[in-house]
Each structure stands twice: as C-alpha cells, then as structure tokens.
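Reading through the structure tokens given below for one structure.
The values are calculated or read from the model by the stated rules, or taken from the named source; none is laboratory data. From a predicted model like this one, the values you see are computed outputs, not experimental measurements. Methodologically, a virtual Cβ is constructed for each residue, glycine included, from the backbone with ideal geometry; neighbour enumeration extends over all protein chains shown. The area values use the complete protein model at the heavy-atom level, side chains included, leaving out ligands, DNA and RNA. Shrake-Rupley method; radii C 1.70, N 1.55, O 1.52, S 1.80 Å.
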Amino acid sequence: MRKTLILAALLAATPFAAAADELSYTFVEAGWTQVRINDNNLDDPKTNGAYLRGSYNIAKNVNVFGGYSRMSESFNLGYGARAKYTLDMPELGIGYHMNLSDRVDFTTDIAWVRVGTKEELSGFGAYDGSYKEHTNAGRITAGIRAKPSPRTEAWLKGGVIDGSRMDTEFVGTLGGQVKFNQTWGLVGEIQLFDDVSQYSVGVRASF
C-alpha cells in the first residue's frame, strides 16, 4: 500500500516538474531602469526611471509583447539655470520561439520602438521653454533563451535597429532571471546599441 501511494505521488508531481523546466512566454514585469550615453565630453550622462513590460503566448511558438519605460533627470547648471530631460520609450512587437533542446530555445522577434525626448529649460532667458522630439524605429533580433538550472534563466540576442532619425545600428541584449518559485522571479538585463546602454532590474510574474 505504501509503495502504491509513493508511486501515485510521483505520477501526480510529474506535470509540475515538467512545467518548472519550461520557459514561459507569458509574463508581466516591472522595475527600475537606467539609460546611459557613453560620451566622455559630457561625463557619460544618465537618466533613471521605471519600466513595465509583458508578453503573452498567443500560439504554441508565437508571442506578442509590449513595454514602456520612462526616465528623467534634472540638472542645476548654476546662476539660476536649470534643465530637466525626460526620455520615454514604448514598444510593441511579436516574437517566435522554437525548442532547440529541453532547456534551450531559439528566439527571434520584430518590434516597433518609439524614442521620445523632452527638454525643459528655465533660467536661460529667451531659450526657456519645453522642447520635444521623437523617433520611430524598427528592431529585429534573434538569439537564444536557456534554463541553466530549475531556478535560473538566461538570454542573449542580437540584431539591428533602424529609425526615421537614426542610422542602422547593431543592438544586443543580455539578461537573466533567478526564480523564487514557479511564478515569481528577479530579472536583470542590459541592452546596448550605438553609444547607449540601458540597464534594468525588476520583478517578473510568469504564468
């Protein structure tokens, strides 16, 4: 009888163990983000803010995703002159993923990205005011997403980004997740293109 109960418990647990090894493409995520421009002449300016993004698996190998990040930084330039810079970046896209092994997926995606900037000046006399501009861009990437252990994930992808007011540039992303349980995890990611670096740390809920 005891042997039968143990066997029944193992059989009941099998689906949960299999699910734990699968990579989820349905999730919501939020956290802190920072954009830094690599420019020695400007002392590598950076802005800090927050981001929100999510993904939903609409078919076995297809997911849609979207996100929004907003960062701002204020500068006191002396003599009553102040400047505030705000950067916001919404994105929408669709992705495809395919199993390469039990713990490794090939991924590729295409996305629309909008980069908006706002500059608010005060104490500059005739130049006081608010100045806005934006750039619409397209991004295509491909890479791998893997599960090195039951509680960790990692992804690496590269591609190109091109927009209405920018040249075609290489874009690369490196990220990872440490999972607390089947739903919750801590995520970290870095994205690089041209002379811009974006760092993000957040909490993800996977479903």
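Scanning for something assigned to a strand (DSSP E or B) and farther than 20 Å from VAL187 by Cα, does the stretch 26-36 turn up at least one residue? No, the stretch 26-36 contains no residue that is assigned to a strand (DSSP E or B) and farther than 20 Å from VAL187 by Cα.
Of the residues making up the stretch 30-57, those that are without any contact (Cβ under 8 Å) to a residue 60 or more places away in the chain and either exposed (fewer than 11 other Cβ atoms within 10 Å of the Cβ) or touching a Leu at 6+ places or on another chain (Cβ under 9 Å) (or both) number 6.
Of the set (1) touching a residue at least 60 places away in the same chain (Cβ under 8 Å); (2) loosely packed, with under 14 Cβ neighbours inside 10 Å; (3) assigned to a strand (DSSP E or B), all apply to PHE75 but (1). Restricting THR152, THR173, THR183 to residues that are touching a Gly at 6+ places or on another chain (Cβ under 9 Å), of a type in the set (Ser, Thr, Tyr) and farther than 26 Å from TRP112 by Cβ narrows the list to THR152.
Of the residues making up the stretch 78-99, those that are open to solvent by 60 Å² or more (accessible area, probe 1.4 Å) and modelled with pLDDT of 95 or more are LEU92, ILE94, TYR96, MET98, ASN99.
Summed over the stretch 106-120, the residues that are of a type in the set (Ser, Thr, Tyr) and within 22 Å of GLY159 (Cβ to Cβ) give a count of 2.
Residue pairs whose Cβ atoms lie under 6 Å apart, separated by 6 or more positions or on different chains, with the first residue in the stretch 159-184 and modelled with pLDDT of 95 or more and the second open to solvent by 50 Å² or more (accessible area, probe 1.4 Å) and hydroxyl-bearing (Ser, Thr, Tyr), are VAL160/THR168.
Which residue, of SER69, SER122, SER101, SER149, is under 14 Å from the mean Cα position of the chain (by Cα) and of a type in the set (Ser, Thr, Tyr)? That would be SER69, the only listed residue that is under 14 Å from the mean Cα position of the chain (by Cα) and of a type in the set (Ser, Thr, Tyr). The strands (runs of 3 or more DSSP E) found entirely in the stretch 104-207 that carry 3 or more residues being exposed (fewer than 14 other Cβ atoms within 10 Å of the Cβ) and among the polar types (S, T, N, Q) are 129-149. When ARG70 is tested against the conditions (1) under 29 Å from GLU133 (Cβ atoms); (2) loosely packed, with under 15 Cβ neighbours inside 10 Å, the lone failure is (2).
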